[in-house]
Structure formats: C-alpha cells, structure tokens
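**Q** First the structure, which I've put down as structure tokens, then a few questions once you've had a look.
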Amino acid sequence: ARGAEPDERQRLFAHLARPRDQRQDGEVAWLRALMARLGSLDYARGVAQGLAGAALYEHQAAFAGAPESRHTRFIAGLAGWIFRRD
C-alpha cells in the first residue's frame, strides 16, 4: 500500500479482510487500477523478469554438459512462457 492515500489503504485493508467469495467485482477492479496507478504491476513484472532470467542462467549452468534435446529446450522455455501466456 506504499504510495496509497490513507483512505485508499483503509479500503484496501477492508477488501483484503473479507473472504474471497465475499469480494465484489467492482472492488477487485478498483484494486487493480490502484495497483496500476501506483506502479505495483510494473514492479511485479520487473521482479518476475529478473527471476526468469536467473532461472534461465541456472538452467544453462545445470545443463551445460547435457546434449540439447526437446526436453532441455522445454525446461528452458518455461521461464519465458510465463510472460507469453494469457
């Protein structure tokens, strides 16, 4: 809730305190818009890209001596797949 106004924080905490099945679609849409405005979504994408890059680096180190195969390509492709899915 960093960067949010006090009333937005109060609304956010009230939303999160409710059980998932009691949350209203309008509140979820408001929360997503708040996260976009505050840069939370961009920040999360950046962290995810960093983690995917680290995973690819570790994959290359772990499979450095292994022959390339459809299996190793599949595993390597998983890190990037999370950004291409809908």
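**Q** Peptides 12-22, 29-39, 43-53: what's the order by average Cβ count within 10 Å, highest mean first?
**A** 29-39, 43-53, 12-22
**Q** Which FRET efficiency, nearest 0.05, do residue 58 and residue 4 yield, Cβ-Cβ r, R0 30 Å?
**A** That gives a FRET efficiency of 0.25.
**Q** Using 0.36 nm times the number of residues separating residue 51 and residue 13, minus their current alpha carbon distance, what extension gain do you get?
**A** Using 0.36 nm per residue and subtracting the Cα-Cα distance, I get 10.9 nm.
**Q** Hey, another quick one. How far apart, in nanometres, would the label points at residue 24 and residue 84 be if each is projected 7 angstrom from Cα along the Cα-to-Cβ direction?
**A** So the two model labels end up 4.1 nm from each other.
**Q** I'd like the carbon and sulfur percentage of the solvent accessible area for the chain, probe radius 1.4 Å, heavy atoms only, ligands and nucleic acids excluded.
**A** Carbon with sulfur: 56 percent of the solvent-accessible area.
**Q** Along each principal axis of its Cα atoms, how long is the chain end to end? Whole angstroms, biggest number first, please.
**A** Dimensions of the chain along the principal axes of its Cα atoms: 57, 27, 19 Å.
The values are calculated or read from the model by the stated rules, or taken from the named source; none is laboratory data. Small disclaimer: the values here were computed from a predicted structure and weren't measured. Positions of Cβ are generated from backbone atoms using ideal geometry, with glycine treated the same way; all protein chains shown enter the neighbour counts. SASA here: full protein model, heavy atoms, side chains in, ligands and nucleic acids out. Shrake-Rupley method; radii C 1.70, N 1.55, O 1.52, S 1.80 Å.
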